[in-house]
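K.L.:
To start, I am sharing the structure in question, which I have written as structure tokens.
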Amino acid sequence: MARRPGYYALRIVAVTSLYAAGWTALFLIGDNWWTLSAAAFLAFVFGQVALLAHDLAHRQVFRLRRASEVSGRLAGNFGIGMGYGWWQDKHTRHHANPNHEDLDPDLDPDIFVWTQDQARAASGLPRLLGRSQALLFFPLLTLEGFNLHVSGVRSLFDRSLKHRVWEGVLLAAHFAAYLGAMFLVLPPGKAVAFILVHQCLFGVYLGSIFAPNHKGMPVLRGADRPDFLRRQVLTSRNVRGGRLTDIVLGGLNYQIEHHLFPSMPSPHLRRARIIVRGYCRELGVSYLETSLVNSYRQTLASLHAAGAPLRVPQTP
């Protein structure tokens, strides 16, 4: 549980340098279709900034709450146009009750249905998409970046949001700088193409990071709330891999350990995994760890199964 100031100092410098390099590339390449390569690069960088904001929100980086919140808002609101306060509230509720149909906001059937009960009760867009949602999952992730921006702006109208003014100022500064750079450097057609490539790939990358964590794992309902250990372990999935996987997924490939110790610095999760896995084996608690490809396969299979009621012809 010890803090890693050296690791996070290096990581912040690295991510900030990559962020600056991406925007520098945009200005250097200029009015050329090769500028779309900078858009793809910045999609990866924005994902890394989001992962850093995630660690800041969990107070893995700084001991003091104020330092964590200020840095998190700079990274989230100003850096990538994500409403930090809105996301932190949503993510906190998710951690308290992961994969609980009634209590986990990540299981709200706003676009996808996550259980067959949700499918039977679905209407509107979830009902329309539900029957083919496994096929549509990755294509629809292209909209996740835009969804983050819209949700962040909408949260500003919620009076319960803390520091609404600062959140709004930082979001406005991000959008002004982002759109200003686009249309200053590129003609309108190329600017729109840059935005689409950047935001769509950012959404796919972000969704690909978070989808393996819980989707396809057991879903809890109603009063079904086991003890803390089982509530976190049985609903989470680890992804096997080496150092490259740790970097690309930001340490969230050790999702079980992260849910058990959310304030543990991400570079320590790999070491904690050995202890947690052995402890779960002693207690007879199921501990799932699989490859990245298989985690996606399980996610898509669960989406297909959840939409089954919508594929059955309705009898009059």
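K.L.:
Kindly provide the pair-distance distribution of region 5-310 built from C-alpha pairs, with 10 Å bins from 0 and whole-percent values in order of increasing distance.
P.N.:
Distribution as computed: 6, 25, 34, 26, 8, 1, 0 percent.
K.L.:
Continuing with the same structure: How much length is gained if the chain between Arg159 and Phe175 is pulled fully straight, taking 0.36 nm per residue apart and subtracting their Cα-Cα distance, in nm to one decimal?
P.N.:
Numbers: separation 16, 0.36 × 16 = 5.76 nm, distance 2.20 nm.
In short, 3.6 nm is gained.
K.L.:
Given H placed 1.01 Å from N in the peptide plane, which residues other than close sequence neighbours of Leu220 have an amide H under 5 Å from its amide H?
P.N.:
It is His100, Glu101, by chain and number.
K.L.:
Quick check on the chain: helices-only [θ] at 222 nm, where DSSP H runs of length 4 and up contribute -39,500 (n - 2.57) each and the sum goes over total residues. Nearest 500, please.
P.N.:
It comes out at -20500 deg cm²/dmol, rounded to the nearest 500.
K.L.:
Also, quick follow-up: Rank-order 8-18, 65-75 by packing density, defined as the average count of other C-beta atoms within 10 Å over each peptide's residues, highest first.
P.N.:
Values: 8-18: 14.4, 65-75: 17.7.
Descending packing order for the listed peptides: 65-75, 8-18.
K.L.:
Hey, another quick one. How would Val153, Val219 line up from fewest to most surrounding beta-carbon atoms within 10 angstrom? Could you put the intermediate results ahead of the total?
P.N.:
On the way: Val153 17, Val219 22.
Ascending Cβ contact count within 10 Å gives the list Val153, Val219.
K.L.:
Show me 114-121, 231-238 ranked by packing, highest mean number of other Cβ atoms within 10 Å first. Display every interim value, and only then the final one.
P.N.:
On the way: 114-121: 18.1, 231-238: 22.5.
Going by the mean number of other Cβ atoms within 10 Å, highest first, we get 231-238, 114-121.
K.L.:
Oh, and also: About the Cα centre of region 5-310, how large is the charge dipole given +1 on each Lys and Arg Cβ and -1 on each Asp and Glu Cβ? Please answer in debye to the nearest 20. List each step's numbers first, then the result.
P.N.:
Values: 30 positive and 20 negative charges, 108 e Å.
Its charge dipole is roughly 520 debye.
K.L.:
Under a point-charge model restricted to the Cβ atoms of Lys and Arg (+1) and Asp and Glu (-1), what is the dipole moment magnitude of region 58-168 relative to its Cα centre, in debye to the nearest 20? Mind dumping the intermediate values first?
P.N.:
Values: 14 positive and 12 negative charges, 97 e Å.
Here the size comes out at about 460 debye.
K.L.:
Moving on. Between Ser286 and His95, what is the FRET efficiency for a Förster distance of 25 Å, r being their Cβ-Cβ separation, to the nearest 0.05?
P.N.:
0.80
K.L.:
When only C-alpha pairs under 8 Å and at least 6 residues apart count, what is the relative contact order of the chain, in percent? Mind showing how you got there, number by number?
P.N.:
Details: 420 pairs, mean separation 77.4, N = 316.
Here the relative contact order equals 25 percent.
K.L.:
Something else: Sort 185-197, 77-89 by the packing proxy (mean of other Cβ within 10 Å over each peptide's residues), most packed first.
P.N.:
On the way: 185-197: 15.7, 77-89: 23.2.
Ranking, from highest mean packing down: 77-89, 185-197.
Read the figures in this text as sums done on the coordinates, not as results from a lab. These numbers come from a predicted model, not from an experiment. Quick reminder, even Gly has a Cβ in these numbers, built from the backbone with ideal geometry, and neighbours come from all protein chains shown.
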